[in-house]
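Structure, as structure tokens:
The values are calculated or read from the model by the stated rules, or taken from the named source; none is laboratory data. As the structure is a computational prediction, the values presented were derived from the model and not from experiment. Remember, those area values only see protein heavy atoms, side chains included, never the ligands or the DNA or RNA. Shrake-Rupley method; radii C 1.70, N 1.55, O 1.52, S 1.80 Å.
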Amino acid sequence: MQKNQQINAFEESFSKEIIDIIAVTGPSGVGADKESLWTASIPLIAWKENGHLTTEKTKAN
């Protein structure tokens, strides 16, 4: 039962709104960390969201 509560809390932390984002990723691909649930991440170099272009190196979770 504990696992289901963790999953539900994780899912509720996200907005129900869906947005389109175009992204340029780094060469290393997807990585993941595990605390209680796996969290995927990928290095981003640039992305375009709502018509605005952003260029910086960051890590998307």
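Computed quantities for the displayed model
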{"read-out": "Sole exception among (1) modelled with pLDDT under 80; (2) within 14 Å of the chain's Cα centre (by Cα); (3) of a type in the set (A, V, I, L, M) for Val24, by number", "value": "(1)"}
{"read-out": "Tally of residues being modelled with pLDDT of 80 or more and open to solvent by less than 60 Å² (accessible area, probe 1.4 Å) across segment 50-61", "value": "1"}
